[in-house]
């Protein structure tokens, strides 16, 4: 009886179901996964993810932030890294997959250090997207050249 009484004072949890991920949400979840892998999800990384989503999918800043917030939830409830990578591989062409790989490297390199957890996620995603280690190395070098 007390349990019912206490529950009546709590707000009802009305969480909307997560959308089925498409390539954009899969990439966003991977970007979030990389950024959070070092347990220090910083404002700089969040704003970088928003800028990447804006650039790649032509969102305004508010739309990009909403997409990222959805991606954060997907990442938390998410399947394995390779599931997101396979979704990207199956729904996009080679150019888009290479751009996704570069976006992952942007997040890894944003703080100037490459941590083992970040590199593992990039490697898993790279293989799942059907890309080679040479593709990954070239993508990393292109990102470094732009920085």
Legend entry - Tilt relative to the chain, helix 116-128 - C-alpha long axis, 0 to 90 degrees, to 10: 80 degrees
Legend entry - Spin-label zone in the range 42-71 - amide nitrogen under 16 Å from a point set 7 Å from the Cα of residue 145 along the C-beta vector: none
Legend entry - Using alpha-carbon coordinates, inclination of helix 94-109 to the longest axis of the chain, degrees: 70 degrees
Legend entry - For the range 20-78 and the range 83-147, distance of Cα centres in Å: 14 Å
Legend entry - Cα→Cβ-extended label distance, 7 Å offset, between residue 137 and residue 57, nm: 3.2 nm
Inset, instruction - Work out, step by step, the length gained on full extension between residue 40 and residue 77: first 0.36 nm times the residue separation, then minus their alpha carbon distance; give nm to one decimal. - result: 11.4 nm
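Counting alpha carbon pairs within less than 8 Å and at least 6 residues apart, what relative contact order, in whole percent, applies to the chain?
That works out to 29 percent.
Could you tell me which of rounded, prolate or oblate describes the chain, using a ≥ b ≥ c as the square roots of the eigenvalues of the alpha-carbon gyration tensor, with rounded for a/c under 1.5 and, failing that, prolate when a/b is larger than b/c and oblate otherwise?
It comes out prolate by the Cα gyration axes.
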Inset, instruction - Quick one: angle between helix 81-91 and the longest Cα principal axis of the chain, in degrees between 0 and 90, rounded to 10, please. - result: 70 degrees
Legend entry - At R0 = 22 Å, FRET efficiency that the Cβ-Cβ distance of residue 94 and residue 69 yields, to 0.05: 0.15
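Values in this text are rule-based calculations from the coordinates and carry no lab data. None of the values given here were measured: they were computed from a predicted structure. Don't worry about glycine lacking a Cβ; one is built from the backbone with ideal geometry, like all the others, and counts go over all protein chains shown.
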